[in-house]
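K.L.:
Below is a structure I'd like to ask you about.
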Amino acid sequence: MRHQRTIARPTTVTGIGLFGGADVTLRFLPAPENHGIAFQRIDVCGANVIPALIDYAIKQPRRTAIAHQGVTVATIEHVMAALVGLLVDNCLVQLDALEPPAGDGSAQLFADALTEAGIVEQTAPRHCLTITNKAMVFSLEGHENIHAEPSNSGQYTLTYDLDYSHPHISPQSASTEVNPQSFLDAVAFARTFVLEEEVTALQAQGFGLRMTPQNLLVFGPDGPIDNRMHTSDECARHKLLDCIGDLALIGCDLRGNIHASRSGHHHNRQLVRDLLIAHPHIRKLIYQQNRSLEIFSAQTVPRRMVS
């Protein structure tokens, strides 16, 4: 069991939101032991912090969002991936809009800011959920699934198999052991990808109106538009990034092997729920010691919010 960690000093990133397109400033702030990761909308008068835990997740398409008392923070998966990938356990994330900055569609913007701020070790131990039995979440059609199983190495490893049925997005797989070095080297840079026709449909609905091919990988008939791939398997690596961010809503370290095939955010979140149900003692520890929950009475902590 390792010790908890936070950042050494505040750090700020700016940009525009991926879906809504609002200008946004996001601040990472150091937090005390057992605080956990929590978000706070400073543009909403009187908004409380929202713990980044699965019970606060709400259903939104193509992204992961959390909410409490009518206040929502959306598209948090890349921020969460950067924090957990770098083993930052305690942090208050303040922002003045609905979504974090999109950056280039990856977690690099956040990883760079956290690295520059510095990461310091605290004294309290970090809880860990060690997967002891197999668990699986799958779609009714059976094409998308994500499953967890014990690890012989005792590490946290992720594998993603991607088959997007597109001539320029070949079937591909990517794997990583989740630790700071591998996150920075193999995952943080991987960008959100989308088909040109999907962009057209989303913009017709009012989403992503300020996005350009520099904010994400847009695939047209001839491949990426006005952009190029960082690696041939960048799309699968980005799916690893999303998995890391979504699974971080478990609120503790993980030990085990996670293997996903064509899964999305909702599959990832459901696996978190299933793992906590199978390990109730870990869930109890997380909620007993998470200081960002102290502002709520026992009656206001949600038992489960469906996502």
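FYI, it's all coordinate maths here, none of it is from the lab. Quick caveat, the model's predicted, so the values are computed rather than measured. Cβ sites come from the backbone with ideal geometry, for glycine too, and all protein chains shown count toward neighbours.
K.L.:
Give the peptides 100-112, 41-53 in descending order of average Cβ contacts within 10 Å, highest first.
P.N.:
Numbers: 100-112: 23.3, 41-53: 18.0.
The densest-packed peptide leads the list: 100-112, 41-53.
K.L.:
Just to be sure I understand the curve: with the Debye formula and one point per C-alpha of region 3-293, what is log10 I(q)/I(0) at q = 0.08, 0.16 Å⁻¹?
P.N.:
Results for region 3-293 at q = 0.08, 0.16 Å⁻¹ read -0.31, -1.36.
K.L.:
Checking the cross-link filter: which lysines have an alpha carbon closer than 26 Å to that of LYS284, excluding same-chain neighbours under 8 positions apart?
P.N.:
LYS284 reaches LYS59, LYS134.
K.L.:
Sticking with this one: With each pseudo-label sitting 7 Å past Cα toward Cβ, what's the ALA278-LEU140 distance in nm, one decimal?
P.N.:
So the two model labels end up 2.5 nm from each other.
K.L.:
Projected onto the charge dipole of region 3-293 (+1 at Lys/Arg Cβ, -1 at Asp/Glu Cβ, origin at the Cα centre), which of LEU209, ALA107, HIS279 gives the Cα projection farthest towards the positive end?
P.N.:
Comparing the listed Cα positions along the dipole, HIS279 ranks first.
K.L.:
Then there's this: At 0.36 nm per residue, and after removing the present C-alpha to C-alpha distance, how many nm does the segment from GLN214 to ALA8 gain when stretched out fully? It would help to have the intermediate numbers written out before the result.
P.N.:
Numbers: separation 206, 0.36 × 206 = 74.16 nm, distance 3.09 nm.
Gain on extension, GLN214 to ALA8, equals 71.1 nm.
K.L.:
Which of PHE219, VAL187, GLY70 sits farthest toward the positive end of the charge dipole of the chain, with +1 on the Cβ of Lys and Arg and -1 on the Cβ of Asp and Glu?
P.N.:
Value: GLY70.
K.L.:
Right, something else. What is the distance in Å between the Cα centres of region 55-125 and region 182-228?
P.N.:
20 Å
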